[in-house]
Amino acid sequence: MGQISVQMAALDTVIHALHDVSRQTQENHRESLNVVTRNAENLGGLGGDGFQHAIAVVNQTYAQLNTKLSRVGPAVEAAKETLRSGDAAAGKQYV
C-alpha cells in the first residue's frame, strides 16, 4: 500500500483563502449594485423595469455564488478534521 501525505497547513491556507474570496465577493456585489445604480438612466430610471431586472439579476447571481462559497469552507474544514481524526486513530494502532 502506498503512503498518503496530507499537508494540513495547505488546507488551512485554502480555508483562509476562501474567507478572502467571500469578502471580495461581497465587495464585488456592492460594486455591481453601484454600477447598475449609476447607469439607472440607461435602464429606464430607478423605477424602470430594466433597472429592477438588472438589480434582480445582480442580487440573484451573487446570492447563488455566496451559497456555493458558504458550503466550500465547511466542507474543506470537515475533510481536514476527518483526515486528522483518521490519522489519530491509525496512530493509536501502533502505540
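The values are calculated or read from the model by the stated rules, or taken from the named source; none is laboratory data. The structure presented is a predicted model; accordingly, all values stated were derived computationally and were not measured. For neighbour counting, all protein chains shown are included, and Cβ atoms are generated from backbone atoms with ideal geometry for every residue, glycine included.
Remarks
- Count of region 1-54 residues, restricted to those that are more than 16 Å from the chain's Cα centre (by Cα) and within 30 Å of K80 (Cα to Cα), is 10.
- So V14, is it modelled with pLDDT under 95, part of a loop (DSSP other than H, G, I, E, B) and β-branched (V, I, T): no
- Residue in region 57-85 that is farthest from Q26 (Cα to Cα), counting only those that are more than 13 Å from the chain's Cα centre (by Cα) and loosely packed, with under 12 Cβ neighbours inside 10 Å: S85
- Near pairs, Cβ below 6 angstrom, 6+ apart or cross-chain, from region 1-29 (over 13 Å from S70 (Cα atoms)) to any residue that is of a type in the set (S, T, Y) and part of a helix (DSSP H, G or I): H29/Y62
- Any hit, region 60-73, residues being of a type in the set (V, I, T), assigned to a loop (DSSP other than H, G, I, E, B) and under 30 Å from A10 (Cβ atoms): no
- R38, sole failed condition from (1) basic (K, R); (2) without any contact (Cβ under 8 Å) to a residue 12 or more places away in the chain; (3) surrounded by 12 or more Cβ atoms within 10 Å (Cβ to Cβ): (3)
- Subset of region 41-56 [assigned to a helix (DSSP H, G or I), loosely packed, with under 14 Cβ neighbours inside 10 Å and either touching a residue at least 12 places away in the same chain (Cβ under 8 Å) or of a type in the set (A, V, I, L, M) (or both)]: A56
- Scanning region 58-84 for residues that are more than 15 Å from V21 (Cα to Cα) and among the hydrophobic types (A, V, I, L, M, F, W, C) turns up V58, A75, A78, A79, L83.
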